[in-house]
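Here's the structure, in C-alpha cells; my notes come after.
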Amino acid sequence: MPDSPATQTAEEFRIVKRQLLLNAFARGENAIKNGNLILVCSAQPNEGKTFCAINLALSIASERDLTVLLVDADFAKPEILSTLGLEGGKGLVDVIVDPSLDLADCLIRTNIENLAVLPAGRQHHLTTELLASERMGAMIEEIAQRYRDRVVIFDRRRRWRRPPPPCWRCMSARCCSWWRPRARASRSCAKAWP
C-alpha cells in the first residue's frame, strides 16, 4: 500500500516510475505523443506482469499531484480485479463492442484516492479482432486525450510475435517489462505492494 514502510522493491518501483513520469509529462522537443500511456507486458506467462503493473500503479498513485488509471487489457486472463479484491463489471471490451457505452461509466474507484481501474470486461469470442479494430485504436486515443492529466497503465497479456495491431502503436510511451524467473502476482492488494 502507498503508506506502507519502504522496502527495497518499493524503492525500485520509485526509481522506475521517476523516469516514466519524466517521459509522460515532458514538454517541448522532449514531449512524447501520448506519453501518459504505459504498456506493461511480458514475453511469457507468469513473469510477474500484473504484479509489476499493479505495483507501478500504486507507486505512481502515491504521488500527491497525479492520478492513475490501471487498465486490465489482458482479456484472456484478467487478474487485476481479483488481485486487488475488486468486484467486476463492464470494462474495456464492453466499451469497444458498444459505442453507446461511456468509458467513464466502467471505471472502478478504489480505496486508494488517486487510483481507478478499468476492468477487461466480459469475455468475447472476437477478442483478437476487437483488439485490432479501429474502435480499439479510437479508444486508446480517447483514453490518452480524455485522461491527459493522469498516467494510464495497460496490463497486457504478452508481446506480439508479429508487429502489434495498429491501435497499440499509438502508445508511444515507454513499454516496461521486468524479467523475473518464477515471479507470480500475489492475490491481495496488501501483498501486491512491496
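What follows is calculated from the coordinates using simple rules that are stated; it is not laboratory data. Please read these numbers as outputs of a predicted model, since none were measured by experiment. Please note: Cβ atoms are built from the backbone with ideal geometry, for glycine as well, and neighbour counts cover all protein chains shown.
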Of the residues Cys52, Ala73, Leu92, the Cα lying farthest along the dipole of region 36-104 towards its positive end, which is defined by charges on the beta carbon of Lys, Arg, Asp and Glu, belongs to Cys52
Label points 7 Å out from Cα along the Cβ direction at Gln19 and Arg109: separation in nm? 3.6
How far, in nm, would the chain grow between Ala43 and Ser100 when pulled straight, counting 0.36 nm per residue and subtracting the alpha carbon separation? 17.1 nm
